[in-house]
Structures are given as C-alpha cells and as structure tokens.
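FYI, it's all coordinate maths here, none of it is from the lab. These numbers were taken from a predicted model, which means no experiment stands behind them. When we count neighbours, we look across all protein chains shown, and the Cβ atoms used for this are built from the backbone with ideal geometry, even at glycine.
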Amino acid sequence: MPEKDYVNLENKKLREYIELIKAELELSQRVAEIKQNFVNS
C-alpha cells in the first residue's frame, strides 16, 4: 500500500475513534443529567 493511502486510512481510523470518544462523553454527560433530574424530583 502506498504511504499516502496508509496515512489516509490511519487518519480515517483516528477520526472515527475521536467520534466514538465524543459520543461516549456526550452519553456520560447525558446520564449525569438524567441522574441529577431523578435526585431533584
């Protein structure tokens, strides 16, 4: 595989990984908000 293709593939994997981390953070935040709502109700 040419180096350029390899780098592009790695970039794509990294971007997907970052998206997963962002989604996980958003989910954690949402769960914290929901828990807080239960505590407050």
- Task: For the chain, state which GluC sites (Glu not before Pro) are in a DSSP loop and have at most 12 other beta carbons lying within 10 Å of their beta carbon.
- Result: none
- Roughly what would the spin-label model give for K4 and R30, points 7 Å off Cα along C-beta, in nm? 4.0
- Note on the structure: Checked against the positive end of the charge dipole of the chain (+1 on Cβ of Lys and Arg, -1 on Cβ of Asp and Glu, about the Cα centre), the farthest of L25, M1, N37 is N37
- Query: Label E19 and N37 with points 7 Å out from Cα along Cα→Cβ: what is the distance between them in nm?
  - Reply: 2.7
- Message: With +1 assigned to the C-beta of every Lys and Arg and -1 to the C-beta of every Asp and Glu, and no other charges, what is the dipole magnitude of the chain about the Cα centre in debye, to the nearest 20?
- Response: 120
